[in-house]
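Structure first, commentary second.
Every number in this text was worked out from the coordinates using simple rules, so none of it is lab data. None of these values were measured; they are calculated from a predicted model. Cβ: placed from backbone, ideal geometry, glycine included. Neighbour counts: every protein chain shown.
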């Protein structure tokens, strides 16, 4: 008498799907924008090509970069911060779910020594390694004031009332 045992291997499709899900969900804490803070003739914060020649300019330490999720809503919040190192290197790690995956706006702001230098709104690319964060600061040109002042100015600008920027309400 012959006994035949049938060994059934699981389908590879569920294993592949599980692998994809783990990769996508596991990447939620791994979104990192790399770049540099450099000294320049104007203030800007940009996402640039990895080969942008400005990334080789003289780096500057102590530039603080903030990532603000959903900047135009009441639910806006700072989700990540980073400071530039001695050579200007920046590593901004965003651990919020959906960074670079969901289509949404993010505001990146740069400040140094208590002064705000620049801000810009971006849709983060899916592959954070495909771009570099470039922050250019012109020393001494930053505006004093915190995020509350910036928010107040933004709110005032949304009304039809036009006030001179040197008005006491902005101070």
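Before moving on, here are some points about what is shown:
- Distance (nanometres) between label positions extended 7 Å along Cα→Cβ at residue 73 and residue 144: 3.6 nm
- Ranked list, fewest to most other Cβ atoms within 10 Å of each Cβ, for 74, 55: 74, 55
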